[in-house]
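A short write-up of the structure that comes next.
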Amino acid sequence: MQWNPGISPGLRKLYSGYIHWHTGNQPVSKKNPLVDNYLADGCGRCSLYKTAQCKVHTWARELKALRKLLLATGLAEEVKWSQPCYTLDGSTVAMVSAFKDYAFISFFKGSLLKDPKKLLARPGENSQAARQLRFTDTQQIKSLEPVVKAYLHEAIDIEKAGLKVAFKKEPEPISEELQAAFKDDPALKKAFLALTPGRQRGYILHFNQAKQSQTRTARIEKQKKNILAGKGLNDR
């Protein structure tokens, strides 16, 4: 394989053991038409759905390039949480999506990846499992393609091995104010419980950090719209 000049010798050596994975007879995933719809119309989680301002359209080229890499892994392409997800025997290994400032691959057990060059980012300061590889143009994706493939290969191996992220054992307590909000608005509770565990925890920590009940209630009210849209605390 011819490496991109921007890849350091150390990184080339580290990932040389993975070359057989993406140059061999790796099965290609079947395209899911729901992902085609996602790329054409957007995720549908906000009022920008089917508009030029939708973040999916802002990062369309990058998302398509990332999708191509994911399809080459042999993982099943599905749509979960209104986003393209790539699964192994029903378990999500990675997700492709976009925020205002970048497109990204999210590894659901990313905290278990070695990440020697520290390329992975936490979705939020309280994220325990998920990690993101973020991109702002297709050239960046092309330059890092060997690294991205190596990360994907490692993530698949982690899932095949049945490795688990050691989450904090004690769940964060749900405040009385949030419980009251759930009681008053069943749709809010349903939307909150549909969020990923990391997003739920991020909200709970944010609400609980307020010392006064009035402030906790105000924070909950402010975030209702995002929760109902399926967004995390730091999603844009």
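The values are calculated or read from the model by the stated rules, or taken from the named source; none is laboratory data. Keep in mind that this is a model prediction, so the values were computed, not measured. Glycine also receives a Cβ, built like all others from the backbone with ideal geometry; neighbour counts cover every protein chain displayed.
So the values come out like this:
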quantity	calculated
Top-ranked residue in segment 177-211 [being surrounded by fewer than 18 Cβ atoms within 10 Å (Cβ to Cβ) and among the basic types (Lys, Arg); ranked as modelled with the lowest pLDDT]	LYS211
Subset of segment 212-236 [in contact (Cβ under 8 Å) with a residue 40 or more places away in the chain, crowded, with 19+ Cβ neighbours inside 10 Å and of a type outside the set (Val, Ile, Thr)]	ARG216, GLY230, LYS231, GLY232, LEU233
Qualifying positions in segment 32-56 - at pLDDT below 95, touching a Ser or Thr at 6+ places or on another chain (Cβ under 8 Å) and not small (Gly, Ala, Ser)	CYS43, ARG45
The one condition in (1) modelled with pLDDT of 95 or more; (2) in contact with an Asp or Glu (Cβ under 8 Å, 6 or more places away or on another chain); (3) not in a helix (DSSP H, G or I) that GLU77 fails to fulfil	(2)
Top-ranked residue of segment 158-176 - restricted to ones that are exposed (fewer than 15 other Cβ atoms within 10 Å of the Cβ) and outside any loop (DSSP other than H, G, I, E, B), ranked as modelled with the highest pLDDT	LYS160
Test: residue in segment 140-152 that is at pLDDT 95 or above, within 21 Å of ARG199 (Cα to Cα) and under 14 Å from the mean Cα position of the chain (by Cα)	no
